[in-house]
Amino acid sequence: MATHYGLLLGIKSPWQVKRVDLKLTAQRVDVEVEHDASAEVACPECGRSCPRYDHAPERQWRHLDVMQFMTVIHARTPRCQCPEHGVVTVPVPWAEPHGRFTLMFEPLP
């Protein structure tokens, strides 16, 4: 099921769907996404490849409904330690920085 949701949500390497929790009675799908621990991380300010520092606390983003089930993406984003910019959070490809909704959900009224 994780591979299926990864394809539906457009999750690509170095990110992958780790777990999908389908709650039928609540009509909700929680999708846990993780960043490949062996993948390099780049400073979002300068693009320099930097060592991974740690992971930010888990965040969640509201996504478009999947088959009328509320869909929420959960992830701990990696943080890198840039010699120039210090410890910075690597952005996720599915949302704007500091956003609470995925890019696909944002344009909805």
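Computed from the coordinates by the stated procedures, all read-outs in this text should not be read as laboratory data. All values reported here derive from a predicted model rather than from experimental measurement. Every residue, glycine among them, receives a Cβ derived from its backbone with ideal geometry; neighbour counts consider all protein chains shown.
Listed values, structure above:
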{"quantity": "Residues with amide H under 5 Å from that of ALA56, placed H, sequence gap 5 or more", "calculated": "THR77, ARG79"}
{"quantity": "Inter-probe distance in nm under a simple model that places probes 7 Å from Cα toward Cβ, at ASP65 and LEU7", "calculated": "2.4 nm"}
{"quantity": "DSSP-defined beta bridges in the chain - what % are antiparallel, rounded to 5", "calculated": "75 percent"}
{"quantity": "About the Cα centre, charge dipole magnitude for the chain (Lys/Arg +1, Asp/Glu -1 at Cβ), debye", "calculated": "180 debye"}
{"quantity": "Separation in nanometres of the label points that stand 7 Å from Cα toward Cβ, at ARG76 and ARG52", "calculated": "1.0 nm"}
